[in-house]
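**Student:** Quick one: structure below, then a few questions.
Derivation of every value follows stated rules applied to the coordinates shown; laboratory data play no part. All values derive from a computational prediction rather than experimental measurement. No Cβ is skipped: glycine too gets one built from the backbone with ideal geometry, and neighbour counts run over all protein chains shown.
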Amino acid sequence: AAGVIQSPRHLIKEKRETATLKCYPIPRHDTVYWYQQGPGQDPQFLISFYEKMQSDKGSIPDRFSAQQFSDYHSELNMSSLELGDSALYFCASTLGPTGTDTQYFGPGTRLTVL
Amino acid sequence: DAKTTQPNSMESNEEEPVHLPCNHSTISGTDYIHWYRQLPSQGPEYVIHGLTSNVNNRMASLAIAEDRKSSTLILHRATLRDAAVYYCILSGAGGTSYGKLTFGQGTILTVHP
């Protein structure tokens, strides 16, 4: 069965650079969630989209923006990168943002900021 | 968001059952109880979820207290592959949570050969 695809899997950037992370949900899934997991920490919700509209927002810095496209894939754009942005970034997809359905997570993008 | 409380860590031997507890005394009537686990360097993985009745699937069983203020994830025969961090998460069907998962401190399960 098709799973959630994230690209790139690894990304190394310098401070103050920009980065774009991509997420391709499971086919027919219309809802995407982004989570950030710092070293030794638990995943933290950043932002979510349902039917190409932002549905919820967590502790996402103003330097970050995201969107969901017509084919339901999503991109997380990160600017003015800081050392503290080094983390694993997961996206998850589901059918509908009801909170009752399973979220399927991708393998994550490991971002390292030097 | 309703809060859950789990033990920091638990240990088990291979082939033995494991009971992972979770307290959620402030659960609302529309909150589902979800369990996810995360193996090292991997994304979280769905295990099981339920609302009021006990649930079984090929991975585990979920026992929910009658007052819904606690639940227990049961792994019937632990394997080395079950060593992971287990998260108990409440996610509501109503309100404004829109399905986001709020990960708290999970339980680190160690399985001994």
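**Student:** Given the pairs B:Lys69/B:Lys100; A:Lys15/B:Lys3; A:Lys22/B:Lys69; A:Lys57/B:Lys3, which are separated by over 30 angstrom at their Cα positions? Could the numbers behind the result be given before it?
**Tutor:** Values: B:Lys69/B:Lys100 21 Å; A:Lys15/B:Lys3 36 Å; A:Lys22/B:Lys69 38 Å; A:Lys57/B:Lys3 19 Å.
The answer is A:Lys15/B:Lys3; A:Lys22/B:Lys69.
**Student:** So which trypsin sites (Lys or Arg not before Pro) in segment B:48-77 pass both tests, a DSSP loop state and at most 11 other Cβ atoms within 10 Å of the Cβ? Could the numbers behind the result be given before it?
**Tutor:** Values: sites: B:Arg58, B:Arg68, B:Lys69, B:Arg77; in loops: B:Arg58, B:Arg68, B:Lys69, B:Arg77.
Loop-located and lightly packed - B:Arg58, B:Arg77.
**Student:** Right, another one. Give me a single rounded figure for A:106-113: the average over its residues of other chain Cβ atoms within 10 Å of their Cβ. Before the final figure, lay out the partial values.
**Tutor:** Working: counts 1, 3, 4, 0, 1, 0, 0, 0.
Counting other chains' Cβ atoms within 10 Å and averaging over A:106-113 gives 1.
**Student:** Something else about it: Can you compute 3J(HN,Hα) from phi for each residue in segment A:3-14, using the Karplus curve 6.51 cos²θ - 1.76 cosθ + 1.60 with θ = phi - 60°, rounded to whole Hz and x for Gly and Pro?
**Tutor:** x, 6, 10, 10, 9, x, 7, 9, 8, 10, 9, 8
**Student:** Still on this structure, I have one more. Enter the Cα centre distance for the pair segment B:1-69 and segment A:55-80, rounded to the nearest angstrom.
**Tutor:** Their Cα centres are 30 Å away from one another.
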